[in-house]
């Protein structure tokens, strides 16, 4: 019987709102400090995934790995040096699942052993032909312990390393067969570190340097935190090899056969930290520009502007600057509760939201409020936030959204179960406004969003808005 599931779903159990898949971080150093460095980097990238975390370190031609379910600080609550040798080369991973269940086995890095060695692979993205590749590898005698696409990548690359008898050629030949999105950090048992970015450039990847070696990271904020000087973004299709703290190879080896797509524009809207620079553009500046565009496209007479923490704050600032309406803190955020999309059930997300954001009555009571948020997916969160402001005494709430209406399911790494869950697919703008309880509602235009992100060096993928 033919498999009718979406091609990216190997055994997906995720059915939540906008989610991204994972962060990767890796180091190649001249000193035995790799595990501590990777853990510091993962802490800075925790916002990209809170389901699981892991670190794999190369030491004396072996790879040692520890991973588990939970936050980085929970998985590594004990001193990691009691279970992992420090080593000079290591890769790490924080996970949000878009394919495969929420289990330790599906958490990266994935260690694959082969005849002449072993590799550990961390992956951010989604492989759309993972089922076919997995089936071929199973027929070839390979075995799998997990149900996610990341393990498929590690096994495929290992297969070609053996076949080609060369690390670089093995990575290249394996990656050429992958369809979809992938930013990879790969450590070999012999101590090499590889950075690989798919030829579409869908997810970010960058490289940094300091005296003791190099690091690769999903976002530049992790390089900053760990004391690395930002060198550059990894180019789409590029493979970089680092050994003993030195770059030994860097070149574009993978080519875009689809002749389309580009960086996921939601990196600027929501996914990335505002202190990151992604493909030449400051995330902070992009979000401020989005708010300014919203003020131009949807002006309104109001008393105050406030943003929904965290990714709506910079856009609210831009709206305030352009409109001249004072910016205020509209909410007090409980910093000890994670992003609400992480929770597996709607009831848990609703409970986490009410605990996480409490309206600041002193700034909104009796006021006409412009409320700026990054997106509306199902509308349940927006309805609760608007309702909470009105319960706190706001006279009017005018909602402004720094992304266009989200109408299409993305198979390249943004996890939404199906288009029926998308509010913008089920009703028009005015009905959406009524449903969430706002006095007015405005979404940034696609052209306005692109202008706000105009300094990015790559084209954008906007499929989720345009189909």
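Filtering 393, 442, 366 for residues that are in contact with a helix residue (DSSP H, G or I) (Cβ under 7 Å, 6 or more places away or on another chain) and assigned to a loop (DSSP other than H, G, I, E, B) leaves a single hit, 393. Condition check for residue 77 on (1) modelled with pLDDT under 95; (2) within 19 Å of residue 244 (Cα to Cα): one failure, at (2).
Condition check ((1) under 21 Å from residue 459 (Cβ atoms); (2) under 23 Å from the mean Cα position of the chain (by Cα)) across all residues:
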position	(1), (2)
238	yes, yes
245	no, no
270	yes, yes
285	yes, yes
328	no, no
333	no, yes
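Only residues that are touching a strand residue (DSSP E or B) at 6+ places or on another chain (Cβ under 6 Å) and crowded, with 24+ Cβ neighbours inside 10 Å were counted in the stretch 387-410, giving 6.
For the stretch 324-356: of the residues being in contact with a strand residue (DSSP E or B) (Cβ under 7 Å, 6 or more places away or on another chain) and either in a loop (DSSP other than H, G, I, E, B) or buried (at least 18 other Cβ atoms within 10 Å of the Cβ) (or both), which is modelled with the lowest pLDDT? Per the stated criteria, the residue is 356. What are the residues in the stretch 237-265 that are crowded, with 24+ Cβ neighbours inside 10 Å and within 30 Å of residue 372 (Cα to Cα), if any? Listed by number, the residues that qualify are 263, 264, 265.
Scanning for something without any contact (Cβ under 8 Å) to a residue 60 or more places away in the chain and closer than 25 Å to residue 87 by Cβ, does the stretch 250-270 turn up at least one residue? Yes, some residue in the stretch 250-270 is without any contact (Cβ under 8 Å) to a residue 60 or more places away in the chain and closer than 25 Å to residue 87 by Cβ. For the stretch 417-439, the set of residues classified as modelled with pLDDT under 95, in contact with a helix residue (DSSP H, G or I) (Cβ under 8 Å, 6 or more places away or on another chain) and crowded, with 19+ Cβ neighbours inside 10 Å consists of 423, 424, listed by residue number.
Scanning the stretch 294-317 turns up one or more residues that are in a loop (DSSP other than H, G, I, E, B), in contact with a helix residue (DSSP H, G or I) (Cβ under 7 Å, 6 or more places away or on another chain) and buried (at least 17 other Cβ atoms within 10 Å of the Cβ).
Restricting 83, 57, 91 to those that are within 17 Å of residue 151 (Cβ to Cβ), in contact (Cβ under 8 Å) with a residue 12 or more places away in the chain, touching a strand residue (DSSP E or B) at 6+ places or on another chain (Cβ under 8 Å) and in the same structural domain as residue 217 (by TED's automatic domain parsing) reduces the list to 91. Does residue 376 meet the test of being assigned by TED's automatic domain parsing to the domain that holds residue 318, under 30 Å from residue 148 (Cα atoms), crowded, with 20+ Cβ neighbours inside 10 Å and touching a residue at least 60 places away in the same chain (Cβ under 8 Å)? Yes: the conditions hold for residue 376. Summed over the stretch 247-293, residues that are in contact with a helix residue (DSSP H, G or I) (Cβ under 6 Å, 6 or more places away or on another chain) and in a helix (DSSP H, G or I) total 11.
Among the residues of the stretch 128-143 satisfying the criterion of being touching a helix residue (DSSP H, G or I) at 6+ places or on another chain (Cβ under 6 Å) and surrounded by fewer than 19 Cβ atoms within 10 Å (Cβ to Cβ), which is modelled with the lowest pLDDT? Going through the qualifying residues, I end up with 142.
The values are calculated or read from the model by the stated rules, or taken from the named source; none is laboratory data. Predicted, not measured: the structure shown is a model, and the values here were computed from it. Methodologically, a virtual Cβ is constructed for each residue, glycine included, from the backbone with ideal geometry; neighbour enumeration extends over all protein chains shown.
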